Amino acid sequence: MSKSIELSQTGASVAVTPVAGSGRLLRQFIFIDEGQLQEAPTVQELLRPLAPVRDDELCETILARFLDDDALYALPVIDAENKPLTLIDRKHYIEFFSKRYTREIFGRQNVLQLLAYEDYRNGKPTVVEDTCTVEDVAKIIIDAGMQHMVTGFIVTRDHGYAGVANGHDLLNIITQRKQAELYYLAHYDALTGVPNRVLLADRLEQACRDAERKGKLVALLYIDVDRFKQINDSLGHSAGDAVLRKVVDRLKTCARRADTVARLAGDEFVILMENLADAGDVEIVARRLVKLMREPIELHGHSLVATVSVGSAIFPTDDTAVSALLAKADAAMYDAKSKGRNGHRRYLPDTAMYNPAKMLLENDLRQAIERNELVLHFQPQVDLATQTIPGVEALVRWRHPARGLVPPGQFIAIAEESGLIVPLGEWVICEAFRQLKAWQAAGLQALRISVNISALQFHQRSFPAFLKAQLAEYGVDPGLIELELTESALMQNLDEVLQSLKEIKLLGFSLAIDDFGTGFSSLSYLRRFPIDRLKIDQSFVRDIERTPVNESIARAIVALANSLSLDIVAEGIENPLEKGVLAGMGCTEGQGYLFAKPLAADDFVQWLAAHRSNNVVRLADPRAAQRV
Ligand code: C2E
Ligand code: MG
Ligand code: MG
């Protein structure tokens, strides 16, 4: 639910929809309390009760206060009713009074007279009630172009002056909360809220150590939803997501209170059972689960059945190496699948130790590059004001001989896990350079190509050298090439990252942050990185015209980009309403199905010609001209 708060900005009044409330992006600012994300704190935590200046005080006494105390960055002014009037900025004030004649004229006058003097401009401070959340304040400051980050803002209680808050304290709180969010994102699954693979591994390790001491058992149940791909493909991703959430609810119902339910990936889950006295309990839980999953799931008036295959392995009976235990439970699960699904198998010494589906894909991918099965598609980026096409994003696809055209969502993660992303990413770069050159040779307009760079690839020491060698090989203009990196790729090993970014920048490439807003960005680093552009993630673009939280975040990102002089592009624009809102808030470029899906190179050239002639026709249309 969104509430609205009144914020007075010396006279002017603005209504703000708080950023806090609901929605996944709110995790960005929310602390974690035992696996739960906490509500944002209020401004009370930032409050510094600083003695204010009365509006009838003389200007020279204010000057004396600044000169006496170096740490005083600004002073609030209040009227006789304890209402705040303004915030006097130290730097501005001292500069104003550094001239003799201003001291003589204004020194003996009171501060109200000074404020009425038109040559004294102090800017409008931000005034907030102390019950306002820090997110709301952050949003106001971002909207105001970050200018109150330095001077701070005035805090009121029941509309009367209560104190001031320093913009840097706010930044600190937000950074800490973002770090908590980073922890949350790194340890919990965003879709279902249960622990992910990383936290599971941690708990498993701990559980096995405990079990060893107490002479108890630990069990892992590996659960895979049968034919989940079919559900997803036939009903769509949002129905698929809903099914996964239902599955988690049922897993929790079947597990005992102290057990951990975790999501490994896609439709694969684990129940970790600690402190077991009897291996027979595993069978009981597994049976209960298989039975419960046979019951239909109600979804938007439809009813569907999603059975599961379960495999289990026990510590220390099946293995004493913690890392091998998961693989054995996985193998047992695969055994259950191959024996007709919808059932449970326990790991046995003769259970086959591999999951052919996974192994095959990884093997295939290894050969895909040599066999020339990878192909780049191109999605245009549109200038929202002129409708021209300044660039395209290159998106890789895999033309698999049996599976058809495979989207990157299905193989990038495997490529990253196996390290294959490095050669794959190198192929993408070479292919993008080659295509750029070919388009130039064919006389196409100069286009910018954006290429996605995976974290692993970017963190290779030799990455800048590789780029340099390819520039020489293909002879393309690096100014036309933009490398897209994600926030998470940039926010690790910051010193090394900064060094690599500088090297790449020196070669002449442009740099963009992809999916901006979904990861963890330290504002202070963002300022230091030689970045050219932010890409607003599509999750904020979706339904932006009727989702205030998305709108305020997109607005904050645009303001942030403006204050750091960065370009901006919005991803995933699907309809004219989304486009309109984004263009209205100052977003200059957009990309999305509204304009075009990612297209094969030849299709893109045709699309570009059609798009151009459409625009030309519209401009040259005499009736259109008359109407104007
Ligand atoms: P991304 O870089 O954020 O790319 C944008 C994704 O959004 C693309 O999905 C694109 O097809 C999709 N998209 C564009 N417009 C719309 C729209 O209006 N609505 C919706 N619903 N989706 C839209 P795609 O091609 O499946 O790529 C997914 C992700 O895979 C990319 O996300 C990127 O992270 C990764 N990827 C793609 N190509 C490469 C590559 O060459 N190297 C690396 N490392 N990653 C890649
Ligand atoms: Mg991208
Ligand atoms: Mg993106």
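Throughout, read-outs are computed from the coordinates displayed, never taken from laboratory work. A quick note: this is a predicted structure, and the numbers were derived from the prediction, not measured. All Cβ positions, glycine included, derive from the backbone under ideal geometry; neighbour counts span all protein chains shown.
Values as computed for the structure displayed
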quantity: Stretchable slack from SER613 to LEU304, in nm (0.36 nm times residue separation minus alpha-carbon distance); calculated: 106.4 nm
quantity: Across LYS437/LYS468; LYS291/LYS339; LYS91/LYS124; LYS246/LYS339, pairs whose alpha-carbon gap is larger than 20 Å; calculated: LYS246/LYS339
quantity: The chain: antiparallel DSSP beta bridges as a percent of all, rounded to 5; calculated: 65
quantity: Distance histogram for the range 392-500 (every C-alpha pair counted, 10 angstrom bins, percent rounded to whole numbers); calculated: 13, 42, 34, 11, 0
quantity: Whether the range 45-172 is rounded, prolate or oblate, judged on the alpha carbon gyration tensor where a/c under 1.5 counts as rounded; calculated: prolate
quantity: Stretchable slack from ASP249 to SER563, in nm (0.36 nm times residue separation minus alpha-carbon distance); calculated: 108.6 nm
quantity: Antiparallel bridges, percent of DSSP beta bridges restricted to the range 377-623 (to nearest 5); calculated: 35
quantity: Extended-chain gain in nm, criterion 0.36 nm per residue less alpha-carbon gap, GLN367 and LYS468; calculated: 33.7 nm
quantity: Neighbourhood charge, 12 Å Cβ-Cβ cut-off, centred on ARG209 and excluding it, Lys, Arg +1 and Asp, Glu -1; calculated: -1
quantity: Only Lys, Arg (+1) and Asp, Glu (-1) charged, at Cβ; the chain dipole about Cα centre in debye; calculated: 1120
quantity: Packing rank of 298-309, 476-487, where each peptide gets the mean count of other beta carbons within 10 Å, highest leading; calculated: 476-487, 298-309
quantity: Two-decimal Rg to Rh for the range 54-106 - Kirkwood Rh, Cα set; calculated: 0.97
quantity: Fraction of beta bridges assigned by DSSP in the range 258-410 that are antiparallel (%, nearest 5); calculated: 85
quantity: The range 197-352: radius of gyration over Cα atoms, expressed as a fraction of 2.2 N^0.38 Å; calculated: 1.02
quantity: Shape metrics for the chain, restricted to C-alpha atoms - Rg then Dmax, Å; calculated: 29.6, 96
